[in-house]
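J.: Okay, handing you the structure first.
The values are calculated or read from the model by the stated rules, or taken from the named source; none is laboratory data. Treat the numbers as computed from the prediction; the structure is a model and nothing was measured. Here the Cβ is made from the backbone with ideal geometry for all residues, glycine too, and neighbour counts use every protein chain on show. These area figures cover heavy atoms from the full protein model, side chains too; ligands, DNA and RNA do not enter into them. Shrake-Rupley method; radii C 1.70, N 1.55, O 1.52, S 1.80 Å.
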Amino acid sequence: VQLQASGGGLVQAGGSLRLSCATSDRNFRSYGMGWFRQAPGKEREFVAAISWGGGRTDYANSVKGRFTISRDNAKDTVYLQMSSLTSEDTAVYFCARAAITAGLTTRESDYAYWGQGTLVTVSS
């Protein structure tokens, strides 16, 4: 299973970006997906998760109301729409596929496959 994250870049505070994560997994639609991020000097943290069908989502408190996770099972792709970005959102963003669950999970240990990460830099 390969995950390819893209869409990162440099954006001004208050701006928006949409991250994409395409996968080669033909069973993509059977698994929950998530986004995590790692800021410089910090541990990786949960950002958002979505269930297999997209009907359930969950967010870290720090991004709730600003970020939206979605998926297109026909394209085997998950997205993270980010808006009202602040310097605190600067990080490498990783997409991940759950190991066994079709639901959503916020626990990093529940994810078995990870993308390479895409860097988001928010300038203030």
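J.: Keeping all protein chains in place, calculate the accessible area per residue for region 85-124 (probe 1.4 angstrom), answer in Å².
T.: 46
J.: Moving on to the next point. Specify the residue with the greatest mean-square fluctuation among 109, 62, 24, computed from a Gaussian network of the chain linking alpha-carbon atoms under 10 Å apart.
T.: Fluctuation is largest for 109.
J.: Heavy-atom accessible area of residue 122 with all protein chains present, probe 1.4 Å, nearest 10 Å²?
T.: Looks like 10 Å² after rounding.
J.: Still on this structure, I have one more. At 7 Å along Cα-to-Cβ for each site, give me the label-to-label distance between residue 74 and residue 10 in nm.
T.: Going by the 7 Å Cα→Cβ label model, 3.7 nm.
J.: Rounded, prolate or oblate for region 25-66? Axes are the square roots of the Cα gyration tensor eigenvalues, ordered a ≥ b ≥ c, and the cut-off for rounded is a/c under 1.5.
T.: oblate
J.: So what is the accessible area of region 24-65 per residue, in Å², with the probe set to 1.4 Å?
T.: About 57 Å² of surface per residue is accessible.
J.: Name the residue, out of 69, 50, 100, whose mean-square fluctuation peaks in a Gaussian network model built on the chain with Cα pairs under 10 Å.
T.: 100
J.: Hey, another quick one. Just to be sure I understand: with springs between alpha-carbon atoms less than 10 Å apart, which residue in 22, 60, 98 has the highest mean-square fluctuation in the Gaussian network model of the chain?
T.: 60
J.: On the protein heavy atoms, probe 1.4 angstrom, tell me the percent of accessible surface of the chain carried by carbon and sulfur.
T.: Answer for the chain: carbon and sulfur cover 45 percent of the accessible area.
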